[in-house]
Structures are given as structure tokens and as C-alpha cells.
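As C-alpha cells, the structure follows; a few thoughts come after it.
What follows is calculated from the coordinates using simple rules that are stated; it is not laboratory data. Everything quoted here is computed from the prediction, not taken from an experiment. Backbone-built Cβ (ideal geometry, glycine too); neighbour counts: all protein chains shown.
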Amino acid sequence: MNTVKICGLKQEAMIETAIDAGADHVGFVHFPKSPRHLELARIEELAHFVGKKAFSWVVLAKPSVELLLKIAQDLPSVAGIQVHGALDADMLAQVRAVRHDLKIMRAYSVSLTGDLPTQEEMRCYDYVLFDAKPKADDKLPGGNGTRFNWEIMQGFRAPVPWFLAGGLDAENVQIAISQSGAKMVDVSSGVEAQPGVKDEKKVEAFIKAARFE
Ligand SMILES: O=C(O)c1ccccc1NCC(=O)[C@H](O)[C@H](O)COP(=O)(O)O
């Protein structure tokens, strides 16, 4: 069964819909310019609500070390941090020293094979995720509903689990899986009625389509 992550959730009812439909991972965005932004206290509340039923991620862009450490210290229900943008080894070591079990997922923006990281680089993280490069007028570093050429992932091997993301929806996710070879997929925009507002039927349809093998 493929693994599914639903990103940008904001309310308990929609989290329940996603988990009941089979979502394995859920993501909560902390990025003030995003229509999916949540304060950290609310993210802890939602991650606590999720409990062991799914894997809860906080999604950040270019975070400071202070923000990473605050999450590691104050959000015990969160299982991982997904970071869009570079992270240096020292930052990672500081976070892991505070909470060794907190998983770190690095999100890469890609369009060509040459954008894919080396095996050595990926080994620094617990998970990696591949999303499309934002367009010049996009206001967000991720979650823009833009897809990339999934064929660049053909034959790709990673030393850690990897998610395919970017512009996925219930209609295209099976094609994306077969063209990329992904076993783990992530969606946000493709299950929304409008930016920041998830649609129950789209969430259920996506999970059903993505899990089908
Ligand atoms: O969703 C946001 O608003 C966001 C803001 C800042 C950094 C990352 C953000 N989202 C990442 C994701 O939602 C997903 O991991 C993924 O890239 C899905 O994107 P899409 O299905 O194309 O919306």
C-alpha cells in the first residue's frame, strides 16, 4: 500500500476524515504568509489530537535555529519537522540534541535531474520530499499546486524514505506514481476547495486513488 501524507490541515474534523480514509501522515503549516498557517500552540493541539493515529509534521520554510529548538522543546506531540530550504549540519545537531526522536524531512524544489540531491546529502535527514520549483510570482516556497516532470525520478534511489509532492490530485496521482516510482505521496492544494480550505470529498478521493496498487 502506498503511503499518503495530507498537508495543510487546520481542523480536527478534516484530520479525522483524512485518517479514517487511510492517511498515514498529516502536515501543519507554520508560515505566516500561507493561507494554511497555524500558530505553534494550535499545531501542538492538533498533533495531540492526532496522537498515534498518524505521523504529525510541522511544515516550515527557512526556519531559524531558535524556531526549530522551540518546536523541539514545546511541541511534544509533533513527530517531525518538514523544512523547505537549506538546513546546516549544526542546526540539525542542535535540534537532535534536544529531541533525538524528532524526525527531520528536507523538502527539495526540483525541475531537472540535476536538482536531485546526492546520496550523501540525503543521509543527513530522516526523510526527503520532492516538490516543484515555485514560479517567479508564487508567494509560497511550497504548496503551490505545481507539478514537475515526474519522469526525472525514474530509477531514483534514496537512502531514506522519500515523498513525491507538487500538484498531485486524485486524477493524476496514479500516473505520478507510475512515472516516478514513488511509494509515498504528499498533497495539499489538490485536495482543497480554495487555498487553505480542504474539501472532504477530495481528501477521501485522493487517499483512495493514492493507496490503490
Ligand atoms: O502549504 C503551504 O502553505 C506551505 C508554506 C510554506 C512551505 C511549505 C508549504 N507547503 C508544503 C506542502 O504543502 C507539501 O509538502 C507539498 O509541497 C504539497 O504541495 P501541493 O500539493 O502542490 O500544494
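Checking V187, V197, V203 one by one, the residue that is of a type outside the set (G, A, S), crowded, with 24+ Cβ neighbours inside 10 Å and more than 18 Å from A107 (Cα to Cα) is V203 and no other.
Could you look through segment 176-196, keep only residues that are assigned to a strand (DSSP E or B) and either more than 17 Å from the chain's Cα centre (by Cα) or of a type outside the set (V, I, T) (or both), and pick out the one that is nearest to the ligand (Cβ to nearest atom)?
Initially, segment 176-196 is screened for residues assigned to a strand (DSSP E or B), giving 184-187, 192-194.
The next check asks that each one be either more than 17 Å from the chain's Cα centre (by Cα) or of a type outside the set (V, I, T) (or both); those that pass are 184, 186, 192-194.
Details: M184: 11, D186: 5, E192: 8, A193: 13, Q194: 13 Å.
Only one residue tops the list, namely D186.
Of all the criteria given as (1) more than 25 Å from A21 (Cβ to Cβ); (2) within 16 Å of the chain's Cα centre (by Cα), the one not satisfied by A72 is (2). Of all residues being in contact with a Lys or Arg (Cβ under 8 Å, 6 or more places away or on another chain) and closer than 20 Å to R123 by Cα in segment 148-160, which is farthest from the ligand (Cβ to nearest atom)? Just the residue, please. Filtering first and then ranking leaves P159. Residues in segment 102-124 that are under 17 Å from H84 (Cα atoms), over 14 Å from the mean Cα position of the chain (by Cα) and not polar (S, T, N, Q): L102, V110, D115, L116, P117, E121, M122, R123, C124. Search segment 47-60 for residues being in contact (Cβ under 8 Å) with a residue 24 or more places away in the chain and surrounded by fewer than 19 Cβ atoms within 10 Å (Cβ to Cβ), and hand back the single one that is nearest to A18 (Cα to Cα). Only one residue tops the list, namely K53.
Check T17 against each of (1) within 14 Å of the ligand (Cβ to nearest atom); (2) polar (S, T, N, Q); (3) part of a helix (DSSP H, G or I) and name the one condition it does not meet. (1) is the only condition that T17 fails. Yes or no: segment 165-175 includes at least one residue that is within 13 Å of the ligand (Cβ to nearest atom), closer than 20 Å to M122 by Cα and touching a residue at least 12 places away in the same chain (Cβ under 8 Å). The answer is yes, given that some residue of segment 165-175 is within 13 Å of the ligand (Cβ to nearest atom), closer than 20 Å to M122 by Cα and touching a residue at least 12 places away in the same chain (Cβ under 8 Å).
Name the residue, out of A13, A61, A21, that is among the small types (G, A, S) and within 24 Å of L87 (Cβ to Cβ).
Numbers: A13 fails: within 24 Å of L87 (Cβ to Cβ); A21 fails: within 24 Å of L87 (Cβ to Cβ).
None of the other options fit; the residue is A61.
Selection over segment 123-147 of residues that are near the ligand (Cβ under 10 Å from one of its atoms), in a loop (DSSP other than H, G, I, E, B) and not charged (D, E, K, R) gives a count of 8. When L38 is tested against (1) exposed (fewer than 14 other Cβ atoms within 10 Å of the Cβ); (2) within 16 Å of the ligand (Cβ to nearest atom), just one condition goes unmet, and that condition is (1).
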